[in-house]
Amino acid sequence: MTAAVSPTAPSPTTSAGPRESARRPLDLLAHVALPPEVRAAIEASPDVVIPRSREELYALALGPANGPTFVVAYDVPTPDGDRTRRIVEATVVRCRNGMAVNYPEDYIRRRDPDCMRIADDLPTDKPRYADREGGPFDPVRTQTLEWLATQPLAVVPFKAGGKAYGYPSVAVVPQNAAFFALALVDLQGWVTFEELGAFTPRSLMFVAPPFRHTHFEGRQVVVHNRSDERHEVWAYNLYPGPSAKKGVFSVLLDIGEREERPWYTAHASSVLVTTPYDNEVVIMHEGASGGGKSEMTQELRRMEDGRILLGSNVVTNEPYIITLAESSTLRPVTDDMTLCHPGLPAEQGKLGIADAEDGWFIRIDGLKAYGDDPQLERICIQPGEPLVFFNVQGVADATILPWEHTPDSNGKPCPNPRVVVPRRLVPRVVDEPDQVDIRTFGVRMPACTRDKPTYGIMGIAHIVPPSLAWVWRLIAPRGDKNPSIGESAAEKKTLRHGGLVAEGVGSYWPFSTGTKVGAANLLLRQIVSAPRTRYVLTPNQHIGAYHVGFAAEWLTREYLARRGVARLRRDRLTPARCSLFGYSLTEFVIDGQTIRPTLLRPEFQSQVGEEAYDAGAKILQDFFAAELSAFLTDELDPLGRSIIEAVLRGATVAEYEELTPIVT
């Protein structure tokens with residue numbers, strides 16, 4: 001139930017202080033078609049700041065004294081309403097290369113997968129606000145606006161979907177939480193009200209952190225309130241992941257589903273790969289959270305002597321090391337959110353893409369020490385402008401080192417350290433739309449051995465028909481030890497035992513406000529409309545008994561790029577023992593080296609064998625059957641129904657290819 005009290009204004013030490021005039025900023029909103037109640041709340045604020053530049057917003061985020069340390073805190077009423085208690089939500093430390101934002105609670109340092117609530121009556125399969133919170137959202141919406149009216153506010157415009165292709169939007173944020181607004185505009189694209197002119201915001205975002213204590217028992221809650229004209233996002237916590245990042249993702253998915261020619265924003269990274277032979281190939285990589293999207297745009301990691309550690313056997317500790325004289329050149333196109341709008345230029349039969357963001361929310365848990373990723377380290381340590389870091393230690397006026405992650409309460413480094421990097425600071429980034437040649441899909445795999453059979457039986461690369469590509473994206477399996485988000489209570493037991501959890505359609509389902517079957521149909525139409533795109537599965541973390549990290553993904557990228565769009569030779573493909581994997585490669589030769597067949601077909605590994613492999617295959621088959629059955633409704637596309645029925649009966653890869661041929 002919602003509490004009957006609302007939080008009070010922050011104490012004077014957390015306010016950004018009075019400004020010379022509150023009227024001049026409000027004049028900038030004269031031509032913005034805001035809802036009357038939103039305009040009234042802004043006009044009632046004791047102080048409104050509309051930053052004219054990123055530099056001004058950056059200074060606002062450091063507090064009235066400009067640092068070196070600024071505490072973001074609120075005076076929140078106790079449940080009886082007789083007293084208030086001061087709650088620190090975050091600290092901001094001024095450093096040489098940016099600001100370090102940290103949260104006292106471990107829980108707030110990562111996205112809660114159960115935080116979404118739908119406040120409207122439009123079609124959805126997500127939790128309704130009234131069902132979860134015990135009453136309608138309208139009273140809480142009103143209370144939130146009333147509280148914002150008492151706060152010094154920062155009002156910032158942004159482009160939901162990036163500066164080039166995005167939709168004009170507005171965020172209303174307490175001034176003492178200006179770091180949140182800074183991360184938002186770095187991610188979505190800095191614009192000014194003067195640049196936008198007269199407009200009706202396609203989305204509105206509101207931030208009210210204390211309400212998680214007064215109304216939501218300390219939980220992260222992000223409420224989506226949709227209409228035909230506008231998508232409101234009400235963020236009741238200060239970690240930007242579920243709102244400034246994925247909340248905007250929700251807005252874009254909602255917009256795409258409503259347009260005359262429906263489209264969606266893929267949860268994907270993409271990279272233009274130029275081989276040593278000047279072959280150019282665009283690879284788009286998808287997968288559940290932790291599935292290797294950010295890693296697809298990263299350089300292949302080498303040992304000190306230049307060789308590559310492809311993997312280590314978890315039973316014998318035997319390393320598998322290869323050499324590669326030259327690596328391909330990488331030009332990142334997108335990092336996490338990829339617009340797949342039908343209006344983007346593309347050759348017939350291919351998918352046109354563009355970046356849906358103007359900045360990237362990069363997870364840096366993979367940086368453990370100096371030299372792990374020189375390019376990313378250079379961006380973080382010597383950026384062209386100060387950055388915003390989350391869950392990373394910062395010492396006042398010193399340099400933030402991206403491998404010094406803030407410890408959680410258990411003493412271990414937080415597994416979700418982040419930095420927001422504007423695209424303009426990324427070397428060799430591709431700024432124009434591109435088109436996809438190959439779509440890869442990454443899955444986190446546990447080790448599989450005879451003694452402990454698991455589903456970690458995927459080979460280094462599998463070629464799959466479009467039908468199977470759709471099935472994997474429909475479920476988007478998220479393996480164990482995922483670093484990016486917290487787990488729901490229902491998931492924790494499963495994941496702790498190396499089980500599987502479905503992240504859902506396109507792996508963007510956690511952010512979608514619509515229906516599963518509607519999203520499944522849209523995804524299937526998109527795949528079928530791009531028949532010239534090739535689909536590949538690739539694992540990370542383990543291949544059978546070998547721990548490979550992301551090396552398998554990087555080597556597969558090299559192999560695919562060097563082959564380019566050349567015709568597939570059928571004698572180089574063989575049906576995988578588990579038909580859900582499509583085809584295995586019969587050989588994998590790169591730079592004159594033949595990769596061991598045991599990494600192509602893990603059942604050949606002496607520590608795995610056919611019995612353990614088949615046990616893992618059954619885990620996958622049962623998991624897919626359980627997850628896919630829910631899609632068999634009257635609204636499902638007939639082709640989709642045929643594909644799912646094929647999975648349920650354990651079809652062969654030839655049967656999948658009959659439904660959707662591989663164009664060779």
Inset, instruction - Filter segment 236-259 down to residues that are more than 21 Å from P417 (Cβ to Cβ) and either open to solvent by 10 Å² or more (accessible area, probe 1.4 Å) or charged (D, E, K, R) (or both), then give me how many there are. - result: 4
Legend entry - Selected residue (criterion: surrounded by the fewest Cβ atoms within 10 Å (Cβ to Cβ)) from residues of segment 348-381 that are closer than 15 Å to R423 by Cα, hydrophobic (A, V, I, L, M, F, W, C) and touching a residue at least 60 places away in the same chain (Cβ under 8 Å): L376
Legend entry - Test set (1) touching a residue at least 40 places away in the same chain (Cβ under 8 Å); (2) touching a strand residue (DSSP E or B) at 6+ places or on another chain (Cβ under 9 Å); (3) open to solvent by 10 Å² or more (accessible area, probe 1.4 Å) - E194 fails condition number: (2)
Inset, instruction - Kindly check whether there is at least one residue in segment 489-509 that is of a type in the set (S, T, N, Q), in a helix (DSSP H, G or I) and modelled with pLDDT of 95 or more. - result: no
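If you go through segment 107-155, how many residues are of a type in the set (S, T, Y), within 30 Å of R478 (Cα to Cα) and buried (at least 21 other Cβ atoms within 10 Å of the Cβ)? Don't jump to the end; show me each part of the working.
Of segment 107-155, the ones of a type in the set (S, T, Y) are 107, 124, 129, 142, 144, 150.
Applying the additional criterion that residues be within 30 Å of R478 (Cα to Cα) yields 107, 124, 129.
Restricting the remaining residues to those that are buried (at least 21 other Cβ atoms within 10 Å of the Cβ) gives 129.
Counting residues in segment 107-155 that are of a type in the set (S, T, Y), within 30 Å of R478 (Cα to Cα) and buried (at least 21 other Cβ atoms within 10 Å of the Cβ) gives 1.
What residue, of V589, V528, is in contact (Cβ under 8 Å) with a residue 40 or more places away in the chain, in contact with a helix residue (DSSP H, G or I) (Cβ under 9 Å, 6 or more places away or on another chain) and farther than 19 Å from G442 by Cα?
Working: V589 fails: in contact (Cβ under 8 Å) with a residue 40 or more places away in the chain.
Exactly one of V589, V528 is in contact (Cβ under 8 Å) with a residue 40 or more places away in the chain, in contact with a helix residue (DSSP H, G or I) (Cβ under 9 Å, 6 or more places away or on another chain) and farther than 19 Å from G442 by Cα, namely V528.
Where in segment 578-664 are the helices (runs of 4 or more DSSP H), entirely inside, with at least 3 residues that are under 30 Å from the mean Cα position of the chain (by Cα) and under 17 Å from L474 (Cα atoms)?
The qualifying helices (runs of 4 or more DSSP H) are 609-628, 638-648.
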Inset, instruction - Inspect segment 290-304 for any residue being open to solvent by less than 10 Å² (accessible area, probe 1.4 Å), more than 22 Å from Y559 (Cβ to Cβ) and either over 24 Å from the mean Cα position of the chain (by Cα) or hydrophobic (A, V, I, L, M, F, W, C) (or both) and give the result as yes or no. - result: no
Legend entry - Inter-residue pairs, beta-carbon under 6 Å, first at positive phi and in segment 28-43, second open to solvent by 40 Å² or more (accessible area, probe 1.4 Å) and part of a loop (DSSP other than H, G, I, E, B), 6+ apart: none
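Pick out, from segment 161-256, the helices (runs of 4 or more DSSP H) lying fully within it that include 3 or more residues that are within 22 Å of D112 (Cα to Cα). Let's see the steps before the verdict.
On the way: elements: 178-188, 193-196, 211-214.
The qualifying helices (runs of 4 or more DSSP H) are 178-188, 211-214.
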Legend entry - Contacts under 7 angstrom Cβ, first residue in segment 283-301 being at positive phi, partner hydroxyl-bearing (S, T, Y) and surrounded by fewer than 22 Cβ atoms within 10 Å (Cβ to Cβ), 6 or more apart: G290/S484
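The values are calculated or read from the model by the stated rules, or taken from the named source; none is laboratory data. Fair warning: this is a prediction, and the values are worked out from it, not measured in the lab. A quick note on method: Cβ atoms are made from the backbone with ideal geometry, for glycine too, and the neighbour counts reach across all protein chains shown. Areas reflect the complete protein model, heavy atoms only, side chains present, ligands, DNA and RNA absent. Shrake-Rupley method; radii C 1.70, N 1.55, O 1.52, S 1.80 Å.
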